[in-house]
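Notes follow the structure.
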Amino acid sequence: MAQVHLRKVVKEYEGGVQAVKGIDLDIADHEFVVLVGPSGCGKSTTLRMIAGLEEISGGEIDIGGTVVNDVPPRDRDIAMVFQNYALYPHMTVYDNMAFGLTLRKFDKGEIKRRVENAAKILDIGMLLDRKPKALSGGQRQRVAMGRAIVRDPKVFLFDEPLSNLDAKLRVQMRTEIKKVHQTVRTTTVYVTHDQVEAMTLADRVVVMNHGKIEQVGPPQELYHHPKTRFVAGFIGSPSMNFIPARLEEVGSGLVVRMTDRAVLPVPAARTARYAPHVGRELLFGIRPEHLTEPHPNEHRPSIAHFEAAPEVVEPMGMETLLHFWVEGHEICARFDPAVEVAPGKLAAMAVDMDQMHLIDPKTDLVL
Amino acid sequence: MAADGTLVAGAPAAAGSGRANTMQRFARRRSTIAFLMALPLIALIGGLVVYPAGYAMWLSTLNRRMTANIGLGNFEILLDSDTFWMVIMQSCIFAVGAVIAKALIGFWLAHMLHHIPAKGQRKWRGMLLIPWVIPPALSTLGWWWMFDPSYSSINWLLNIFAVPAVPWLGEPWWARFSVILVNVWYGSPFFMIMYLAALKSVPDQLYEAAAIDGATGWQGLRYVTLPMMQNIISITVLFSLIVTFANYDIVRVLTNGGPRDLTQVFASYAFQVGILSGNLPRGAAVSLFMFPVLAVFAYFILRGINRRNKEQM
Ligand SMILES: Nc1ncnc2c1ncn2[C@@H]1O[C@H](COP(=O)(O)OP(=O)(O)OP(=O)(O)O)[C@@H](O)[C@H]1O
Ligand SMILES: [Mg+2]
């Protein structure tokens, strides 16, 4: 087990495409770090550089105190789980898991012990004699993880390991992965484009965009204190609403004015923070879960009330999503399913202004 | 309970069997159509393969003048003749030696090509295929010139490096080597192209997984590439064994069986006996000897493929 450090790591493909544009990242021992971001942002490239499957064009990668830039994958002592599992089709499950140990000349008894131990952790003991062809997607996934576990490497690397599974199995395997990590405690770097996976698995989430790191932090911190507009919009589902608004001073307080009919008061606690930006055109950001039906017992001063007529109502079972438009901007609100709402009919809404964000549209930074 | 069960189960079962009936009729109709459409081909194969094979078998039981049926007499005479045993031996040396060399060289070439970037690959692939597309009778003639005792260009080259001239076609083992060499030159591109296709079908991620598991390049080849290609290797080897065993033109053009019939293979010897010496029934008997030999090869190779398919698929 080991720490992993990335220092100014750059990947430039031939043709001058910069897939990774100089990222710094320090991963602690035992830590579970998730790289998340939209398609093409360079997550896989970063992971593959750590694995040694891609050459590093610039900067340094350090695994367990050794700079590994010029170390081939077989000597880096890492294990990787691929999206399509990459099991050896001609080997049994047992041989698939044992292969890495056999190559490293472990003795037979030790190999058997480790494979059986991993099989027990993953509950695949009865599959050891099968070939990968005879396994379901979820079982192959487990075998792929088993192959990583038996090696007891310094670092586990996962590249979208769950994206070939159906939704139900994905949730199940997600829990499984978390359980395995809690058991073996190996430093893990996990790549996904699914922010729910990122939030649920990670000790720390690394949000990437266009080959750069946007923000690194524990899931709750990214959710409550995004630093950039990209992170604010990327984390959370359905994603945050953004509405152009003007920050104005009214009496001793501040308000955000979207239209003349939609003016919301800024909580007093934020006055000092936002004061330098009075008079500017900004983006007002609020998550759907903070835009709900009014609660009769909720009397916090930061709750603002207004009415809007939803154009689309989506009952999801555990919640109902309402979509309405303000000044041409779609806004999504999240209601309790018990509240009766109908498209086109005015509904009373409450905004929790404690949860608001203001974004500078010029820098895309959250103020 | 049971009555309910049958009732409930009965309805969909009836509907299902109705559908199955029409489906069956449909399948039957489709297979009838398919059979009719394949009929010309079946007739063609019957005419070109079954009939000559049957005719050859019947022919092989006749005497030289084809006036009387002497049963297995031709086969007995052949098995008593030293020349024929030599032909069997030479055919085996020729076919097995050539196929092994072709497979190794083909694999090596395929591996080299596979690692050339895509742009250059087409060019090289095209050039390496040339020996295979030239009619072998023609290219063999070219080789014959290069081996010619007095004008041999190969010997001329060897002389430059102070290596003594080699009697390419005059001395038995050199002649055997030469026919194999030409066959390898002609046949390797086929192996190359088959193996290249097989190499391309091995997912890159398997190599990446192997590299991470700790495999060196050689170990990747040994534990990933070869097992993944095993079926293609078996099939090409079998196919090539059959074709090489029945090879005729190279021996005929290059050595004409000489020196002293030492390079004769089944096909050229059958021609020699049947056409040139005019003993058609015995020539037929010679060529029929290829059957059992090939059948043994085919049995073992196909059994291996079958077993692997059952395990993996
Ligand atoms: N071999 C290559 N040559 C050139 N460009 C490449 C190559 N591989 C990837 N890229 C580019 O690098 C960028 C990052 O790719 P990468 O595979 O890391 O994305 P990703 O974040 O993993 O996306 P996804 O979620 O779709 O897997 C992409 O813009 C891609 O087009
Ligand atoms: Mg990727």
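The values are calculated or read from the model by the stated rules, or taken from the named source; none is laboratory data. These numbers were taken from a predicted model, which means no experiment stands behind them. For neighbour counting, all protein chains shown are included, and Cβ atoms are generated from backbone atoms with ideal geometry for every residue, glycine included. Please note that ligands, DNA and RNA were not included when accessible areas were found on the heavy atoms of the full protein model with its side chains. Shrake-Rupley method; radii C 1.70, N 1.55, O 1.52, S 1.80 Å.
Of all the listed residues (B:V184, B:V237, B:V166), the sole one being assigned to a loop (DSSP other than H, G, I, E, B) and over 15 Å from B:H111 (Cβ atoms) is B:V166. Can you pull out the residues in the stretch A:178-192 that are more than 16 Å from ligand 1 (Cβ to nearest atom) and not hydrophobic (A, V, I, L, M, F, W, C)? Result: A:K178, A:K179, A:H181, A:Q182, A:T183, A:R185, A:T186, A:T187, A:T188. Of all residues in the stretch A:88-103, none satisfies being within 16 Å of ligand 1 (Cβ to nearest atom), in contact (Cβ under 8 Å) with a residue 12 or more places away in the chain and buried (at least 19 other Cβ atoms within 10 Å of the Cβ). Residues that are under 20 Å from A:L254 (Cα atoms) number at least 2 in the following strands (runs of 3 or more DSSP E) confined to the stretch A:271-367: A:281-286, A:303-308, A:347-352, A:357-359.
How do the pairs read when you match residues in the stretch B:249-260 that are open to solvent by less than 10 Å² (accessible area, probe 1.4 Å) with residues anywhere that are of a type in the set (A, V, I, L, M, F, W, C), using Cβ under 6 Å and keeping only pairs 6 or more apart or on different chains? Correct list of pairs: B:I250/B:V179; B:I250/B:V182; B:V251/B:V179; B:V251/B:V265; B:L254/B:W144; B:L254/B:V179. If only residues of the stretch A:264-276 that are open to solvent by less than 50 Å² (accessible area, probe 1.4 Å) and within 30 Å of the chain's Cα centre (by Cα) are counted, the one that is farthest from A:A347 (Cα to Cα) is A:Y274.
Are any of the residues in the stretch B:257-266 modelled with pLDDT under 85 and touching an Asp or Glu at 6+ places or on another chain (Cβ under 9 Å)? Yes, that holds for at least one residue. Annotation for the stretch B:146-169: at least one member residue is in contact with a Leu (Cβ under 7 Å, 6 or more places away or on another chain) and under 30 Å from B:V273 (Cβ atoms). The sole residue among A:G236, A:G279 that is surrounded by fewer than 16 Cβ atoms within 10 Å (Cβ to Cβ) and on the phi > 0 side of the Ramachandran plot is A:G279.
The residue of the stretch A:48-86 that is farthest from the other protein chains (Cβ to nearest Cβ), among those that are open to solvent by 20 Å² or more (accessible area, probe 1.4 Å) and among the hydrophobic types (A, V, I, L, M, F, W, C), is A:V67. Residues in the stretch A:332-357 that are under 19 Å from A:E298 (Cα atoms), under 31 Å from the mean Cα position of the chain (by Cα) and not charged (D, E, K, R): A:A333, A:F335, A:P337, A:A338, A:M349, A:A350, A:V351, A:M353, A:Q355, A:M356. Taking the stretch A:153-169 as the range and being away from ligand 2 (no atom under 16 Å from the Cβ), surrounded by fewer than 19 Cβ atoms within 10 Å (Cβ to Cβ) and not hydrophobic (A, V, I, L, M, F, W, C) as the test, the residues that pass are A:D166, A:K168.
For B:W174, the conditions (1) open to solvent by less than 60 Å² (accessible area, probe 1.4 Å); (2) away from chain A (no Cβ under 14 Å) are fulfilled apart from (1). Looking at the stretch B:78-105, I want the residues that are surrounded by fewer than 18 Cβ atoms within 10 Å (Cβ to Cβ) and have a partner that is modelled with pLDDT under 90 with Cβ atoms under 6 Å, at least 6 apart or on another chain. Which pairs are those? Close Cβ pairs (under 6 Å, with a partner that is modelled with pLDDT under 90) amount to B:T83/B:D261. Out of B:F191, B:F147, one residue alone is buried (at least 16 other Cβ atoms within 10 Å of the Cβ) and under 30 Å from A:L87 (Cβ atoms). It is B:F191.
Taking every residue in the stretch A:193-205 that is more than 16 Å from ligand 1 (Cβ to nearest atom) and open to solvent by 20 Å² or more (accessible area, probe 1.4 Å) and pairing it with any residue that is of a type in the set (D, E, K, R) and not in a strand (DSSP E or B), at least 6 positions away or on another chain, the pairs with Cβ-Cβ distances below 9 Å are A:T200/A:R174; A:T200/A:K178; A:D203/A:E31; A:R204/A:E31; A:R204/A:E221.
With respect to the conditions (1) at pLDDT below 90; (2) more than 22 Å from A:Y223 (Cα to Cα), A:E293 lacks only one, and its number is (2).
Here is a check on your reading of the model: is B:R260 more than 15 Å from the chain's Cα centre (by Cα) and in a helix (DSSP H, G or I)? No; evaluated as a whole, the condition is false for this residue.
The residues of the stretch B:132-153 that are outside any helix (DSSP H, G or I) and either modelled with pLDDT of 90 or more or closer than 17 Å to B:N247 by Cβ (or both), listed by number, are B:I134, B:P135. Do we have any residue at all in the stretch B:160-168 that's on the phi < 0 side of the Ramachandran plot and within 14 Å of chain A (Cβ to nearest Cβ)? No, because not a single residue in the stretch B:160-168 is on the phi < 0 side of the Ramachandran plot and within 14 Å of chain A (Cβ to nearest Cβ). Inside the stretch A:18-47, residues that are surrounded by fewer than 16 Cβ atoms within 10 Å (Cβ to Cβ), under 13 Å from A:D194 (Cβ atoms) and within 10 Å of ligand 2 (Cβ to nearest atom) make up a count of 1. Note on the stretch A:31-54: residues that are under 28 Å from B:A215 (Cβ atoms) and either out of contact with any helix residue (DSSP H, G or I) (no Cβ under 8 Å at 6 or more places or on another chain) or away from ligand 1 (no atom under 12 Å from the Cβ) (or both) amount to 13. State yes or no: is B:D213 within 14 Å of chain A (Cβ to nearest Cβ), open to solvent by 50 Å² or more (accessible area, probe 1.4 Å) and free of Cβ contacts under 8 Å to residues at least 12 places away in the same chain? Spelling it out, it is not the case that B:D213 is within 14 Å of chain A (Cβ to nearest Cβ), open to solvent by 50 Å² or more (accessible area, probe 1.4 Å) and free of Cβ contacts under 8 Å to residues at least 12 places away in the same chain.
On the basis of being within 29 Å of the chain's Cα centre (by Cα), crowded, with 19+ Cβ neighbours inside 10 Å and either within 11 Å of chain B (Cβ to nearest Cβ) or not basic (K, R) (or both), does A:I111 make the cut? No; evaluated as a whole, the condition is false for this residue. Just one of (1) within 14 Å of another protein chain (Cβ to nearest Cβ); (2) more than 25 Å from B:V202 (Cα to Cα) trips up A:E116, so point out which. So the condition that A:E116 fails would be (1).
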